[in-house]
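Participant: Okay, handing you the structure first.
The values are calculated or read from the model by the stated rules, or taken from the named source; none is laboratory data. Because the structure is predicted, anything quoted here is derived from the model rather than measured. Ideal geometry is used to build each Cβ from the backbone, glycine not excepted, and the neighbour counts take in all protein chains shown.
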Amino acid sequence: MVMHQASKAYFQAQASVKIAPVKLIQMLYERLLIHLDCAAEGLLENDPKKRGEHLSKAIAIITELNCSIRMEDKSEPARFLRGMYEAMLIALGTVPVVQDVEVIRLARRYVQRLKTIWEETAMLENGFGGGERRPVRQPGDAVVQAAMEQIGKPAKAGTADLKVCLMA
């Protein structure tokens with residue numbers, strides 16, 4: 001009887017904390033930015049433990065974001081995101097060796113831009129956030145340019161619909 005009550009309580013708690021996938025991606029971006037900031041602080045403070053802990057958490061989040069892209073999706077937005085995530089993973093993996101805070105700062109700028117694009121498209125389209133929709137920058141900006149180079153295509157005019165390639 002006690003086991004049944006405990007099981008029932010557990011499943012009720014699970015049901016009450018469901019988070020929409022679109023919101024979960026935004027939360028991952030937010031947490032990733034925090035870990036990148038802390039890793040940069042650790043590097044600047046010459047604190048290898050702080051740098052390592054936060055860098056490994058940032059890498060884990062990027063890996064999770066990369067895994068959230070549908071495997072069967074071969075669209076340009078999906079390839080863009082895979083290329084961006086893979087480039088960040090490679091670059092961040094070099095930080096303990098090269099000791100260059102600019103690598104972390106560059107990854108942070110890319111993540112911030114991806115988060116902004118996510119909030120301006122997928123979040124608003126799914127009823128999250130308020131206010132007016134801001135225009136998305138054209139692909140000439142560094143994030144899109146770098147990702148398109150990573151997948152071997154020149155950037156095109158217009159914006160990619162990044163949410164189509166994510167599991168929802």
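Participant: Any residue at all in segment 73-92 that's at positive phi and assigned to a loop (DSSP other than H, G, I, E, B)?
Facilitator: Residues of segment 73-92 that are at positive phi, as a first pass: none.
Among the residues of segment 73-92, not one is at positive phi and assigned to a loop (DSSP other than H, G, I, E, B), which makes the answer no.
Participant: Just a yes or no: is a residue in segment 97-117 assigned to a loop (DSSP other than H, G, I, E, B) and either aromatic (Phe, Trp, Tyr) or at pLDDT below 55 (or both)?
Facilitator: No; the residues of segment 97-117 include none that is assigned to a loop (DSSP other than H, G, I, E, B) and either aromatic (Phe, Trp, Tyr) or at pLDDT below 55 (or both).
Participant: Let me ask something else. Under 9 Å between Cβ atoms, at least 6 apart or on separate chains: pull out the pairs that start in segment 53-66 with a residue that is within 20 Å of residue 22 (Cα to Cα) and touching a residue at least 40 places away in the same chain (Cβ under 8 Å) and end on any residue that is of a type outside the set (Asp, Glu) and outside any helix (DSSP H, G or I).
Facilitator: Listed pairs, sorted by first residue: 65/166.
Participant: For segment 1-59, what are the residues that are at pLDDT below 70, part of a helix (DSSP H, G or I) and not polar (S, T, N, Q)?
Facilitator: 2, 3, 4, 6, 8, 9, 10, 11, 13, 15
Participant: If you take the residues in segment 60-72 that are farther than 14 Å from residue 35 by Cβ and assigned to a helix (DSSP H, G or I), which one is farthest from the chain's Cα centre (by Cα)? Don't jump to the end; show me each part of the working.
Facilitator: As a first pass, look at segment 60-72 and keep what is farther than 14 Å from residue 35 by Cβ: 66-72.
Cutting the leftovers down to assigned to a helix (DSSP H, G or I) gives us 66-67.
On the way: 66: 8, 67: 11 Å.
Applying the filter and picking the extreme gives 67.
Participant: Here is a further query. If I filter segment 128-146 for residues that are at pLDDT below 95, under 16 Å from residue 27 (Cα atoms) and either crowded, with 18+ Cβ neighbours inside 10 Å or not polar (S, T, N, Q) (or both), do I get at least one hit? If you could, list the steps in order and put the result at the bottom.
Facilitator: Start the filter on segment 128-146 by keeping residues that are at pLDDT below 95, which leaves 128-146.
With the extra rule that they be under 16 Å from residue 27 (Cα atoms), the set shrinks to 128-129.
Applying the additional criterion that residues be either crowded, with 18+ Cβ neighbours inside 10 Å or not polar (S, T, N, Q) (or both) yields 128-129.
Yes, there is a match, as at least one residue in segment 128-146 is at pLDDT below 95, under 16 Å from residue 27 (Cα atoms) and either crowded, with 18+ Cβ neighbours inside 10 Å or not polar (S, T, N, Q) (or both).
Participant: Which count do you get for residues in segment 54-84 that are over 17 Å from residue 118 (Cβ atoms) and of a type in the set (Val, Ile, Thr)?
Facilitator: 2
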